[in-house]
1. Taking the Cα atoms only, what angle lies between the long axis of helix 579-590 and the longest principal axis of the chain, rounded to 10 degrees?
2. If the only charges are +1 at each Lys and Arg Cβ and -1 at each Asp and Glu Cβ, what is the size of the charge dipole of segment 653-752 around the Cα centre, to the nearest 20 debye?
3. Charges only on Cβ, +1 for Lys and Arg, -1 for Asp and Glu: so what's the dipole of segment 323-398 about the Cα centre, in debye to the nearest 20?
4. Translational D (Stokes-Einstein, µm²/s) of segment 345-436 at 20 °C and 1.002 mPa s when Rh comes from the Kirkwood sum over C-alpha pairs?
5. Give me the percent relative contact order of segment 697-748, please, defined on Cα pairs under 8 angstrom at least 6 residues apart.
6. Cross-link candidates for Lys55: which lysines have Cα within less than 17 Å, leaving aside residues fewer than 8 places away along the same chain?
7. Farthest toward the dipole's positive end in the chain, which of Ala120, Asn298, Ser181, given Cβ charges of +1 (Lys, Arg) and -1 (Asp, Glu) about the Cα centre?
8. With the Cα gyration tensor of segment 104-254 in hand, convert its eigenvalues to equivalent ellipsoid semi-axes via √(5λ) and list them largest first in whole Å.
Amino acid sequence: MFGKLIVDRWMWLFFAVGVMWCLSAATVVAETYIVKDGNSQAEIITADHPPRAVKLAASELQAYLRKISGAHVPITNVANSTVPVKLYVGKSRYTDGLRLSSDGLNYDAFQMVSGAGWLALIGRDRDYVEPSTHILNKDGRPNNFEEWDALMGGKWNNPIGWPGGSFNREVGISDFDERGSLNAVYEFLRLLGVRWYMAGDLGEIVPSNTTIALPEINKTVHPDFAYRNCGIYSPTFAKGSKEAVLWRLRIGLGKSPELMGVGEVAHGFTNVHSRDKSQPEYFAMYNGVRQMDAAFGNGIPCFSSEGLFESTVNYCNAYFKAYPDEKIISLMPGDGLGNLCQCPLCKSKGTPERGYPGMMSDYVWGFINRVAIELYKTYPDKKIINMAYGPYWLPPKHIARFSPNVMVGFFNWRMGFGDEKRREETVQTRNAYLAMVSPGYFFMVEHYLSSRPGIATDGVPVYFPHIIAEDLCSLKGKSAGEFIEVTYGYDSTGKDMFAPGFNHLNVYVTARCYWDAGLDVNVLLNDYYRDFYGPAATEMKTFVEYSEKNWVKMQSQVPVIDQALDRLNAARKVAGDTVYGKRIDLLLAFVEPMKKNREVLAVGRKGVPRAEAMERKRGDITLDGKLDKPFWNGVPEYELKDVVTGAPAPSKTTFKMVWSDMSLIMGIRCDEADMRGLNIATRVNEEFNLWNGDAVELLLETPTHSYYQLAINPAGAMIDLDRKGGALNTLWNSEAEVAAFVGDTFWSLEVRIPVNDFDMGGADPLKKVEGKKPSALAPWYFNVCRQRIRAGMTGETDAFSPTGQKLYGVPLKFAELIAK
């Protein structure tokens with residue numbers, strides 16, 4: 001009995017093992033393959049007449065399946081019953097038969113669904129068709145304006161631009177084509193291990209696998225941000241190279257026309273007033289002159305003009321009548337709006353007490369909101385867009401909530417969020433706007449412009465991937481998306497991203513966060529370092545993380561630059577003569593401007609001129625601007641030179657300096673051969689229009705503060721700014737006393753600038769210059785500059801310490817100042 005039991009148990013064990021083996025074998029036999037041992041087991045099936053994006057999607061799927069496995073998977077619109085696996089791309093009669101729908105897949109969302117012997121990659125796909133009125137555009141073709149004006153009933157520009165302006169011929173797709181199925185294909189390829197970190201073959205990662213199984217999947221993916229418009233300068237979609245445009249598509253960028261329409265979103269208000277100069281009262285008045293041709297010929301608007309208000313309302317109504325399918329219209333003012341109009345209607349409408357970011361907020365936003373209220377009566381489903389920008393960045397104080405049709409684009413500048421105070425202030429400001437708009441009527445405007453040639457961060461590796469991920473995660477559900485300007489530079493052809501070896505990472509991280517704001521950025525980055533830099537992954541991670549923490553210091557500190565370059569060179573050494581080394585070579589080329597700046601920084605201010613401020617008692621002078629008092633006798637005099645060349649200035653300018661009772665007193669004389677043409681742009685303090693006329697500038701850097709800027713014109717009007725850290729802080733008050741005098745052949749200034757010694761306690765950081773008496777051991781650095789502007793001239797620019805460029809604010813070129 002016992003023996004029989006043992007035998008039975010062994011027989012059961014063998015039976016169980018056999019059953020398990022059979023089940024396992026059945027699973028293997030039943031497994032379906034897209035590609036098996038390098039041979040295609042599938043076909044790609046589209047509709048009979050697929051949209052452009054679906055054609056591209058099928059082509060991309062075919063190309064990358066070949067790159068991965070070597071197999072050619074054919075594309076067809078008629079299923080072949082002998083082919084085991086069907087890969088359905090886009091909507092077709094076959095997906096209809098499977099009852100698959102793209103309903104609800106808004107903003108390029110998609111679905112990936114598999115079944116027995118098939119995989120569907122589907123989204124909403126639609127070719128953008130230009131409206132019939134599109135040919136009536138602003139490009140100045142014969143008769144176009146005549147037809148357009150007759151249609152619109154006014155002399156306005158067309159914000160949609162020109163025919164074909166969004167279409168890229170090399171790729172065969174418009175930026176306004178809906179492309180959900182294309183995104184589905186790219187996501188499927190990502191699941192297979194493909195990555196597109198940078199445009200072109202050098203930027204992609206393609207695994208090698210001769211066998212690709214048909215996955216079991218049922219997944220719907222919606223982007224966390226509907227509007228994903230990135231790369232205005234690097235380059236445009238229509239003019240970009242094939243690889244540059246494909247990279248945008250592969251990382252999931254898109255303009256989402258169903259949300260934002262196809263018209264301009266930035267600076268659209270110029271379309272209202274730039275063509276018709278027959279109404280001078282539509283334009284701002286500066287120094288008695290209407291600014292009809294200022295700001296790149298567009299003119300600067302007067303937002304108190306009732307005629308301009310009525311014209312704007314009429315323009316909006318006419319536009320939506322001509323384009324009933326359009327969603328929005330931009331009324332963002334053009335660049336150049338930095339001064340309040342001086343006409344009687346605008347008097348006292350500015351808010352200079354709020355500083356530069358808020359000095360025109362109620363003035364501009366009040367006009368926008370009034371127009372929106374009127375448009376809401378006729379087109380309540382349409383939106384008006386304005387950006388929070390420049391002197392109207394802060395929200396208005398006298399509008400509790402915008403009209404329901406106002407959409408706000410908020411300038412964010414997250415690359416500066418390493419400064420916690422700046423980040424806190426920015427988030428607080430955008431939250432204030434969010435409370436003023438309807439849900440979904442808020443989006444971000446970003447500048448990833450750190451690699452712009454010629455600026456302080458040129459060649460500096462300004463990486464901020466962790467900040468990107470954190471900020472976008474905090475914006476999910478609040479922001480409809482983003483409009484990002486990426487660099488001002490172009491490659492040599494103008495068709496590709498400038499400095500792709502650096503710029504690609506910030507853009508790539510941003511694009512992936514648009515689709516999944518909650519992703520683990522450290523996982524994404526570790527995959528990137530491994531894939532993109534191979535054996536140098538550890539070294540490149542060290543380099544990027546060091547740069548992320550220290551890029552601000554890389555603009556001015558030699559040891560920090562050296563540390564960054566050491567890390568990059570170490571990575572290059574490890575990478576060797578490989579594709580990974582070639583990628584690092586792009587970065588080495590990118591940082592060349594930083595290396596050159598390092599050499600300048602190492603030399604420091606050697607060779608800059610030196611000036612002395614003579615010590616005098618404060619009671620010895622009453623300021624009247626004339627410079628004819630004994631107080632100035634024996635004080636050294638210095639002369640300005642051409643700011644670029646260092647040659648003698650065309651118009652002589654001299655200055656003297658005195659240190660007196662914790663004040664720096666300056667006397668400046670500007671010889672003038674054309675006193676009748678003396679250009680006094682304003683007689684009001686803190687008005688930025690001052691820079692449209694004759695002026696002198698005083699730039700002061702103390703051992704504890706870099707730097708301050710005072711600009712003064714012949715009328716004695718002054719703007720004083722704290723420029724610390726590159727800021728434009730208009731709330732700082734120098735408390736300087738200014739006296740101006742206009743003679744027969746010259747004009748002159750006397751300026752007393754009080755100084756706070758913070759070591760003495762109680763000083764206000766928003767008042768007076770911070771510092772001590774300049775000495776040989778602790779000198780100040782400064783520049784005295786003059787601009788002279790006449791009609792038809794770009795202006796003369798001179799400085800005591802020439803900078804070598806048409807700029808005054810170059811601290812390394814500031815002259816040395818001591819008091820004796």
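1. Once rounded, the angle reads 10 degrees.
2. Details: 7 positive and 15 negative charges, 20 e Å.
It works out to roughly 100 debye.
3. Values: 9 positive and 7 negative charges, 47 e Å.
Roughly 220 debye, rounded to the nearest 20.
4. Working: Rh = 14.0 Å.
Rounded, D is 153 µm²/s.
5. Values: 73 pairs, mean separation 12.9, N = 52.
It comes to 25 percent, rounded to a whole number.
6. Candidates past the 8-residue exclusion: Lys86, Lys91, Lys242.
7. Selected residue: Ala120.
8. Numbers: eigenvalues 287, 67, 27 Å².
Working from the Cα gyration tensor, I get semi-axes of 38, 18, 12 Å.
The values are calculated or read from the model by the stated rules, or taken from the named source; none is laboratory data. Treat the numbers as computed from the prediction; the structure is a model and nothing was measured. Cβ sites come from the backbone with ideal geometry, for glycine too, and all protein chains shown count toward neighbours. Keep in mind that these areas ignore ligands, DNA and RNA; they rest on the heavy atoms of the full protein, side chains included. Shrake-Rupley method; radii C 1.70, N 1.55, O 1.52, S 1.80 Å.
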